[in-house]
Amino acid sequence: MSTARNGTHNFKVVLLGEGSVGKTSLLLRYVEDKFNERHTSTLQATFLNKKINLNDKRINLAIWDTAGQEKFHALGPIYYRNSNGAILVYDITEADSFVKVKNWVKELRRMLGSDIVLIIAGNKIDLEHEQAVPTEEAESFSKSVGAQHYYTSAKVNYGIEELFLVLAQLMLQKFEQGSQTNHEASRASQVLIVDDDEPAHRSCCFNSSRM
Amino acid sequence: MCVCVSQGKVEESKECPEKELADMGALVRVLTQWTGMFPYDFRDDRVMALVRTITQRCATEQMAGVRAEVSRTLERLLDRLTALEQYEQSLPEPAPLCTVEQLPQGDILTLGLSPVELARQLTAVELYRLSFVGPEEFLQAFAPPATKTPAAPKTTRNLEAYADWFNRLSYLVATDIVKPVKSKQRARLLEQWVTTARECFNLGNFNSLMAIISALNMAPIARLKKTWSRASAVCGQQLRQLELCVEPGGNHARYRAALAAAPGETAVPLLSVTCRDLHFAHQSAPTRVAGGRVNFEKCCALARPVRAQLAARRLGEAHGTPHRPAHAVNAHVTHTPTWRFFVDRPALSETALELVSFEREPPADHLEKERLKRLKGAAP
């Protein structure tokens, strides 16, 4: 969860999406500015960390990549618990991968309500000519669930920096709102994922996440 | 391999008998190695046809010296393939159920096993299932050849089946807990599963441990406040401690340390972490380096997690009689009550789990009420 020790905000972000939509490439591009220029490094870190400065605030993003573990549906709650933000990645050339994103959104909203900031990323926009998920559909869905929608390309490094910046901003906002209205309410309940009453009233965008 | 075998065939009858016998001896040794390491290659009729050619040639008088070894090799191969077929018959899972009434009677407690015994049997189930996973299956799944030419058709899905088992165990645990109408019984089941999870940890069976932890974290289980409050206080504490051990921070540092310290005979690595390691090993290095040469460093990086995951399998082999494969050592598991319980029993579907959970303990806040309304609207 987010804390503000030493004036640094720590946010946990989870990357979700079907296999081979480019989650790892996206993350590597952001954290190390690498794509496919593969080198044997110690990038095995489960959490990749990125420090940024925003409005004079120091933010540490711990980004949890679920790549390689897509088959283990039952692990879902373990991946995303205590996350402040989620990036739901689909491949714009694969309609099925967008369906998977919709399912993740439903599950996240159900489990974490409006506590979590959602960003939907249409990756591989460099393959625009093969686009299989219409922009209108992606955007109207994102809007209906209170998520932001961005197009990205890990290959040509497009839209990624911006996506993470917006995510960080939204998480910071949420945190600042939250610390005003909600003292430590969710801290003791991490195991039970108890739905405390407060979060529901904080946002209205959640209402439209129809199942 | 094919090249080597067909060369052997070409050279036939041109050589003197001694040379021919020595060549055949070498060929049989290769065959023994190959069938031992990758028996599933021999599900392919084309490969099996080559084996038949070899055995036929060994039938002649001057090949008497290698005949015994060839028949031993063949016997072992057929054993492995038969065992695989039998195992595959046990794989189809009962379809998830939509209502709790359709569930068979009884729960994990009716098996009458102590958590220690249950954990031991679960570990045997894990090792048995793992024993069927071929090392090549990991590469087929996580480091497929980059070429566009269609790969040889896959003849096995033991890795997928083993991953399915993880999910299945999780859903069965969740189903088991929400099933009883009385909260006291549900609380007893919670205790049984948490204690079993702890025993799995003691055995180093991280795969079952993680599946149970996942089940207890599923919304329909996690929200049962009354049930949790009726379970012993230690139960919640124990669970939190166990969760800490498999907490993914620092690239699963705690888990890796715990696995290294686990008893070798019963340790079962977390399949999900192995898959993750393979994904990264594949993503982080090119398969070919400059000049089109094979990147052997990457091959080693890919082999490492596979070897670690299958170490349990090798141990099974080491403990059995020589050449007695792990599946045979662990086959007794299919006669245990735990095996029957987890093979036959249907689990509830995700929606059904939620609905039953709300039946057991009504929605506690307006979020949950909303959720229930939607669930009922969606139900047929």
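Readers should treat all values here as calculations from the given coordinates under stated rules, not as data from a laboratory. Worth saying up front: this structure is predicted, and the values here are computed from it rather than measured. When we count neighbours, we look across all protein chains shown, and the Cβ atoms used for this are built from the backbone with ideal geometry, even at glycine.
Quick notes on this one:
- Potential lengthening between B:Ala95 and B:Thr82 on full extension [0.36 nm per residue; Cα-Cα distance subtracted]: 2.1 nm
- Summed side-chain charge close to B:Thr99 - residues other than B:Thr99 whose Cβ falls under 12 Å, Lys, Arg +1, Asp, Glu -1: -1
- Taking every residue in B:276-289 and counting other chain Cβ atoms within 10 Å of its Cβ, the average works out to 5.
- Among B:His335, B:His366, the order by Cβ neighbours within 10 angstrom, fewest to most, reads B:His335, B:His366.
- Ordering of A:25-31, B:260-266, A:162-168 by packing is A:25-31, A:162-168, B:260-266, highest average first (other Cβ atoms within 10 Å, averaged per residue).
- Each Lys and Arg Cβ is given +1 and each Asp and Glu Cβ -1; about its Cα centre, the stretch B:73-134 then shows a dipole of about 200 debye.
- 11 Å beta-carbon shell around A:Ile52, net charge (K/R +1, D/E -1): +3
- Selection from B:Leu109, B:Leu130, B:Thr73, by position along the positive dipole direction of the stretch B:65-136 (Cβ): B:Thr73
- Inter-probe distance in nm under a simple model that places probes 7 Å from Cα toward Cβ, at B:Leu244 and B:Gln56: 6.7
- Between A:Ser179 and B:Arg307, the modelled labels are 4.9 nm apart [label points 7 Å from Cα along Cα→Cβ].
- Counting every other Cβ atom within 10 Å of each residue's Cβ, A:Ser142, A:Ser20 order from fewest to most as A:Ser20, A:Ser142.
- The mean number of partner chain beta-carbon atoms within 10 angstrom of a residue's beta-carbon across peptide B:212-224 is 5.
- Helical mean residue ellipticity (222 nm; -39500 (n - 2.57) per DSSP H run of 4+; nearest 500) of chain B: -22000 deg cm²/dmol
- Of all DSSP-defined beta bridges confined to the stretch A:4-177, some 25% are antiparallel rather than parallel.
- Shielding of peptide B:162-170 by partners, expressed as the average count of other chain Cβ atoms within 10 Å per residue Cβ, is 3.
- Applying 0.36 nm per residue to the separation of B:Arg29 and B:Arg254 and subtracting their alpha-carbon distance, the gain on full extension is 76.8 nm.
- Lys/Arg +1, Asp/Glu -1 at C-beta; the stretch B:82-189 dipole; positive extreme among B:Thr175, B:Pro145, B:Leu84: B:Thr175
- Most fluctuating residue given options B:Glu191, B:Glu160, B:Glu85, as computed from a GNM of chain B linking Cα atoms under 10 Å: B:Glu85
- Distance from the alpha carbon centroid of the stretch B:333-380 to that of the stretch B:222-277 works out to 23 angstrom.
- Lys, Arg +1 and Asp, Glu -1 on Cβ, resulting dipole of chain B about Cα centre, debye, nearest 20: 1020
- Helix axis angle, B:17-37 relative to chain B longest principal axis, alpha carbon, degrees: 10
- Legend: distances between Cα atoms for A:Lys57/A:Lys102; A:Lys71/B:Lys182; B:Lys182/B:Lys369; pairs beyond 30 Å are A:Lys57/A:Lys102; A:Lys71/B:Lys182.
- Order of A:Ile125, B:Ile221 - criterion: other Cβ atoms within 10 Å of each residue's Cβ, fewest first: A:Ile125, B:Ile221
- A:Asn82 versus B:Glu18: modelled label distance in nm, points set 7 Å from Cα along the beta carbon direction: 7.3
- Cβ-based charge dipole, the stretch A:4-177, positive-most Cα from A:Gln69, A:Asn82, A:Val31: A:Asn82
- B:Asn205 long-range amide H proximity, modeled H, under 5 Å: B:Val268
- Residues whose placed amide H lies under 5 Å from that of A:Val89, excluding near-sequence neighbours: A:Leu16, A:Gly17, A:Ala121
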